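Notes follow once the structure below has been shown.
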Amino acid sequence: MPNPSPAGRRGPLTLALTVIGSGALLLLGRLLLQQRPLPTPDTPALDLERIRRWDPDPERRREAGLLLLPASSSEDPSDQRRLLRGQGWGPGPLAAVALKRAALAREAQGLAATLQWRELLERFPMAPPSADALYALGREDPPQRLELLRRFPAHPAALAAALELGPQASQRQQGALHLARWGPRWPGADARLRQICAKPATALSAVQRGTLAAGLARVGDGRRALSCLGSTRGEPPRSWRSAGPCCGVVPPRPGPGRRACWP
């Protein structure tokens, strides 16, 4: 059997070296791409536009596109939709942000965004942008608002939804209790707390009165807070203890063995 020629022996070796070299170059290129910093709000707009159009890294392109968006969703929504087109890919948090901004841009143009909100909610059920999806979908489907309060209780969308609960008095009372726990400083919340303390839809338990009073204490209305406690006044709610008189709350006169100020 004839021996293979030298050229024949070099063929497999050359092929193997080519494959190994190509893989090493690809790996090196990927590492170099990953080491470059992502664009920031301080990056000039011209650089952001260049990155959005020509950068080989899709993450950097998307980051640049999101940074080019104006702060308000109502500002030039058609241009926003152009920048956001096709940017909701992948499982990362930027995809949820892109889907939210795309839905808001559609609404700013007077277009329905139900499909976009539902996609966001289905793909990222626990991501903060999904709070906005629950709020938007709750306009036509009120149980979504209650789910919003449960899933994202302190999110601004949840606080807005709590203030808007109604029209039944019991629903407004539910919203007031949520605001007292999670956001008494939300605009309009203090007035709702005072309203429910003065005229509850249903009889308030001692715990509920304590919750409302604690919320009023956190906004500095000590007189209304103590009035809200009424005949249930006793040991202050736990959330008051770090506030004390500095929040404008004057605690009840201490009896024997009780401290004059809450710890």
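For every residue, the table says whether it meets (1) modelled with pLDDT of 85 or more; (2) over 29 Å from Phe124 (Cβ atoms); (3) surrounded by 11 or more Cβ atoms within 10 Å (Cβ to Cβ).
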position	(1), (2), (3)
Ala7	no, yes, no
Leu13	no, yes, no
Ser22	no, yes, no
Arg36	no, no, yes
Arg60	yes, no, yes
Gly86	yes, no, no
Gly92	yes, no, yes
Ala96	yes, no, yes
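The residues on offer are Leu104, Leu99, and the sole one that is touching a Gly at 6+ places or on another chain (Cβ under 6 Å) and closer than 19 Å to Arg139 by Cβ is Leu99.
In the condition set (1) modelled with pLDDT under 90; (2) assigned to a helix (DSSP H, G or I), Glu75 is compliant with all but (2). Of all residues in region 214-243, those that are of a type in the set (Phe, Trp, Tyr) have Cβ atoms under 9 Å from Cβ atoms of residues that are modelled with pLDDT of 55 or more, 6 or more apart or on another chain, in Trp240/Gly210; Trp240/Ala213; Trp240/Ala214; Trp240/Ala217; Trp240/Arg218; Trp240/Ala225. The set of residues from region 161-187 being of a type in the set (Gly, Ala, Ser) and open to solvent by 40 Å² or more (accessible area, probe 1.4 Å) comprises Ala169, Ser170.
Residue check: is Ala225 touching a helix residue (DSSP H, G or I) at 6+ places or on another chain (Cβ under 7 Å), of a type in the set (Gly, Ala, Ser) and on the phi < 0 side of the Ramachandran plot? Considered against the rule, which asks whether it is touching a helix residue (DSSP H, G or I) at 6+ places or on another chain (Cβ under 7 Å), of a type in the set (Gly, Ala, Ser) and on the phi < 0 side of the Ramachandran plot, Ala225 comes out as yes. Looking across region 102-124 at every residue that is assigned to a loop (DSSP other than H, G, I, E, B), open to solvent by 50 Å² or more (accessible area, probe 1.4 Å) and not small (Gly, Ala, Ser), the one that is modelled with the lowest pLDDT is identified as Gln109. Among the residues making up region 127-139, those that are open to solvent by 20 Å² or more (accessible area, probe 1.4 Å) and closer than 17 Å to Gln171 by Cβ are Tyr135, Arg139.
The values are calculated or read from the model by the stated rules, or taken from the named source; none is laboratory data. Since we're looking at a predicted model, the values are computed, not measured. Glycine gets a Cβ as well: all are built from the backbone with ideal geometry, and neighbour counts include every protein chain shown. We work out accessible area using only protein heavy atoms, side chains counted, and drop any ligands, DNA or RNA first. Shrake-Rupley method; radii C 1.70, N 1.55, O 1.52, S 1.80 Å.
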